[in-house]
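**Student:** Pasting a structure below so you can have a look.
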Amino acid sequence: MKNILIICPTLRDRRELARLGNKHNFIFTGPETREILESFQPLEFIDRLLKDIKGRKIDAVMGTHDYPASLIASIVAEKLGLNGVNTKANFLCQHKYYSRKIQTDLFGSAVPAFKLLNPLKAGDIPFEFPFFVKPVKSFFSIMACIINNRSQFQKYMEASQEHINRFVKPFNLLVKKYSDLPLDASYVIAEELRKGKQVTLEGCVYKGRVYLIGLTDSIMYGNTYSFRRFDYPSSVDPGVQRQMMEMAAAWCRHINYGQGLFNMEFFYNAEDRGISIIEVNPRMCSQFADLVEKVLGINTYQVQMDLALGSEPGYLSGNGLKGEFSMASSYVLRKFRDQTAVKVPGPGLINQILSQKNSARIEIYARRGQALSSFWQDAHSYRYGVINLGGNSRKDLDDEFRHVLKALDFRFKKI
């Protein structure tokens with residue numbers, strides 16, 4: 001039995017690992033910190049963790065979300081001499097300014113023109129309107145949006161100062177102690193707009209070789225950048241997928257990625273067959289883990305465990321991989337106005353639904369009596385749940401989704 005240290009586990013982590021990990025001993029450490037990052041002290045956490053595990057046999061370290069779990073996992077694994085994503089490579093993925101600089105050197109026009117902005121010195125408008133802005137460090141699309149006019153730009157730059165003071169401080173502490181990057185993440189990036197179908201390539205690196213797991217299509221709510229659902233496998237042409245894979249492999253080799261899962265987001269413009277890089281994340285796509293399992297028959301949590309333990313993942317053999325379904329989707333439940341949840345499905349109702357739909361995954365984020373804005377959201381909408389389903393046609397999946405959503409019986413009231 002192997003001892004696997006899980007950094008800042010999410011509820012999804014606990015659920016999936018419980019299904020897969022009966023032959024391993026999981027050591028869960030640290031809270032799920034998405035909602036307490038203002039008070040999180042990463043340097044103290046790492047020092048205390050290393051003291052707590054001193055003398056204990058640790059075989060692997062895992063962290064599935066990039067802030068702060070995967071970065072702390074890289075630091076701890078490196079200190080323990082274990083497999084993982086190299087700490088420097090992790091920083092180069094997460095610090096979006098340095099990531100863009102390297103991507104431009106490697107891939108040229110596949111990277112949109114960008115400029116680094118200091119929120120304390122907003123200065124001139126960086127591009128013609130509209131253009132895209134995002135913090136140098138964020139996750140979950142927090143503070144990422146399109147700017148359409150000067151007034152919106154000024155308001156954004158003012159709001160980004162609060163984001164940096166609250167959200168980015170722990171990352172900046174890690175940058176200062178564990179990296180040689182000249183700039184921390186107290187900045188914003190402006191980028192020229194790119195258009196096309198958005199896809200996420202997920203892959204892994206094992207003993208220096210880069211392997212493709214698959215591409216997932218991102219389907220948006222109309223005229224927004226808010227995800228409606230994710231479809232696996234992608235409908236993008238296989239030749240285009242190979243090009244994206246070559247770019248991902250070049251990136252991982254260039255930054256000496258280490259060993260672990262990664263994902264790379266792209267736009268694909270079918271009109272001119274242009275490929276644009278959105279960003280690279282040094283972690284697994286945990287929301288997609290069971291989508292891959294539904295179609296390929298192997299859960300990427302298992303792949304991540306194998307990589308962290310230094311074992312060759314069974315996935316890499318590619319022999320006879322086949323799941324129960326030909327396709328799978330992750331449906332994201334959203335509201336576009338802040339509302340208060342007055343009725344939220346409890347464990348009993350969820351278990352009843354799952355007993356009838358045992359391949360489904362249901363995650364509830366809304367909390368009865370609380371506004372949807374009371375926890376982290378993107379700049380455009382309010383996410384309150386996720387439903388993952390497998391099927392053999394788009395109609396099957398959409399019909400099943402509507403049935404499950406109706407059975408969950410959410411109720412909201414306007415604020």
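**Student:** Restricting attention to region 269-284, and to residues there that are buried (at least 24 other Cβ atoms within 10 Å of the Cβ) and out of contact with any Leu (no Cβ under 6 Å at 6 or more places or on another chain), which single residue is nearest to Ser109 (Cα to Cα)? Break it down stepwise before answering.
**Tutor:** So in region 269-284, the residues buried (at least 24 other Cβ atoms within 10 Å of the Cβ) come out as 280, 282-284.
The next check asks that each one be out of contact with any Leu (no Cβ under 6 Å at 6 or more places or on another chain); those that pass are 280, 282-283.
Details: Val280: 17, Pro282: 23, Arg283: 25 Å.
Going through the qualifying residues, I end up with Val280.
**Student:** Sticking with this structure for a sec: Please report, ordered by residue number, the strands (runs of 3 or more DSSP E) entirely within region 328-415 with at least 1 residues that are closer than 30 Å to Pro135 by Cα and small (Gly, Ala, Ser).
**Tutor:** On the way: elements: 339-343, 361-364, 382-391, 411-414.
Where strands (runs of 3 or more DSSP E) fall fully within region 328-415 and carry at least 1 residues being closer than 30 Å to Pro135 by Cα and small (Gly, Ala, Ser), they are 339-343, 382-391.
**Student:** Further question: Count, please, the residues in region 285-295 that happen to be surrounded by 21 or more Cβ atoms within 10 Å (Cβ to Cβ) and among the β-branched types (Val, Ile, Thr). Give the derivation first.
**Tutor:** From region 285-295, those surrounded by 21 or more Cβ atoms within 10 Å (Cβ to Cβ) are 285, 288-294; that's our starting set.
Within this subset, residues satisfying the condition of being among the β-branched types (Val, Ile, Thr) are 292.
Here the count works out to 1.
**Student:** I've got another one for you. Return the residues of region 128-141 that are open to solvent by 10 Å² or more (accessible area, probe 1.4 Å) and either without any contact (Cβ under 8 Å) to a residue 12 or more places away in the chain or over 16 Å from Gln154 (Cβ atoms) (or both); say none if nothing qualifies. Quick ask: steps written out before the conclusion?
**Tutor:** At the first step, the residues of region 128-141 found to be open to solvent by 10 Å² or more (accessible area, probe 1.4 Å) are 128-130, 132, 134, 138-141.
Selection gives Glu128, Phe132, Lys134, Ser138, Phe139, Phe140, Ser141.
**Student:** Related question: Does Ile146 meet the test of being modelled with pLDDT under 95, over 25 Å from Ser39 (Cα atoms) and of a type outside the set (Lys, Arg)?
**Tutor:** On the way: modelled with pLDDT under 95: yes; over 25 Å from Ser39 (Cα atoms): yes; of a type outside the set (Lys, Arg): yes.
Spelling it out, Ile146 is indeed modelled with pLDDT under 95, over 25 Å from Ser39 (Cα atoms) and of a type outside the set (Lys, Arg).
**Student:** Only one of (1) of a type in the set (A, V, I, L, M); (2) free of Cβ contacts under 8 Å to residues at least 60 places away in the same chain; (3) out of contact with any helix residue (DSSP H, G or I) (no Cβ under 9 Å at 6 or more places or on another chain) is not met by Leu261, so which one is it?
**Tutor:** Only one criterion is unmet by Leu261, namely (3).
**Student:** What are the residues in region 197-223 that are surrounded by fewer than 19 Cβ atoms within 10 Å (Cβ to Cβ) and within 19 Å of Ile277 (Cα to Cα), if any? Break it down into steps so the answer makes sense when it comes.
**Tutor:** Applying the first criterion (surrounded by fewer than 19 Cβ atoms within 10 Å (Cβ to Cβ)) to region 197-223 yields 197, 207-212, 217, 219-223.
Once the filter is applied, which keeps residues that are surrounded by fewer than 19 Cβ atoms within 10 Å (Cβ to Cβ) and within 19 Å of Ile277 (Cα to Cα), region 197-223 yields Lys197, Val210, Tyr211, Leu212, Asp217, Ile219, Met220.
Yes/no per residue for (1) open to solvent by 60 Å² or more (accessible area, probe 1.4 Å); (2) closer than 21 Å to Cys285 by Cβ; (3) out of contact with any Leu (no Cβ under 8 Å at 6 or more places or on another chain); (4) at pLDDT below 95:
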site	(1), (2), (3), (4)
Gly323	no, yes, no, yes
Ala341	no, no, no, no
Phe401	no, yes, no, no
Leu405	no, no, no, no
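The values are calculated or read from the model by the stated rules, or taken from the named source; none is laboratory data. Because the structure is predicted, anything quoted here is derived from the model rather than measured. Please note: Cβ atoms are built from the backbone with ideal geometry, for glycine as well, and neighbour counts cover all protein chains shown. Note: accessible area is taken over every heavy atom of the protein model, side chains too, but ligands, DNA and RNA are not part of it. Shrake-Rupley method; radii C 1.70, N 1.55, O 1.52, S 1.80 Å.
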